[in-house]
Amino acid sequence: MPIDKTDVERFFNDYAEALSSHDANRIARHWGVPALVLGDQGAIAVNKPEEVVAFFAASMEQYADVAKARAGIRSAIALSASSIACEIEWEHLDQGGEVVGSEAGHYILSRDEDAVKIHVYTPKI
């Protein structure tokens, strides 16, 4: 089944809730494996869900002041019937709803066993 804009919106709303929960296991359920994280430091292949959990568990401290993540979809371009490339800008909000940070990235999503999941991520510079 093709991934459409509604799927992308639903996925990133759910992913934002997972990130806001600070629950590494919940976040990891949005990642398919194998996956690739591509950045200026090189490529990191992710072969097991446990690797995703470990990464997010280790990075939660830097988001301690973030009560809510909000995704802004800047673009979504179909690559095939079951994959789509997205540019996402994130806002990080504190308990009072004030923006305390932001970041952006490119994602390639693919339908994996009837669920949309991240298979490629690269931070936007």
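Read the figures in this text as sums done on the coordinates, not as results from a lab. Just so it is clear, the model here is predicted, and its values are computed rather than measured. So basically every Cβ, Gly included, is an ideal-geometry build from the backbone, and we count neighbours across all protein chains shown.
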Mind ordering 22-32, 45-55 by average Cβ neighbours within 10 Å, highest first?
22-32, 45-55
Would you mind calculating the gained length between Glu103 and Asp4 on full extension (0.36 nm times residue separation, minus the Cα-Cα distance), in nm to one decimal?
33.3 nm
As a test of the formula, what do you get for the chain when each DSSP H run with n ≥ 4 contributes -39,500 (n - 2.57) and the sum is divided by the residue count, at 222 nm and rounded to the nearest 500 deg cm²/dmol?
-8000 deg cm²/dmol
D (Stokes-Einstein, µm²/s), Kirkwood Cα radius, region 48-99, 1.002 mPa s at 20 °C
160
Taking Cα atoms, how many degrees apart are the long axis of helix 5-21 and the longest axis of the chain, rounded to 10 and kept between 0 and 90?
40
Using the Cα gyration tensor of the chain, the equivalent ellipsoid's semi-axes, largest first and to the nearest Å, work out to 22, 17, 14
Residues meeting the amide H criterion for Ile3 (H placed from the backbone, H to H distance under 5 Å, 5 or more places apart or on another chain) are Ser83
Note, region 49-62: 3J(HN,Hα) by Karplus (6.51, -1.76, 1.60, θ = phi - 60°), whole Hz, Gly/Pro = x, goes x, 4, 5, 5, 4, 4, 4, 6, 4, 6, 9, 5, 4, 5
Region 22-52 to region 93-120: how many Å between their Cα centroids?
12
From phi via Karplus (6.51, -1.76, 1.60), per-residue ³J(HN,Hα) for region 73-86 in Hz, x at Gly/Pro:
7, 8, 7, 8, 10, 5, 9, 7, 4, 10, 9, 8, 9, 10
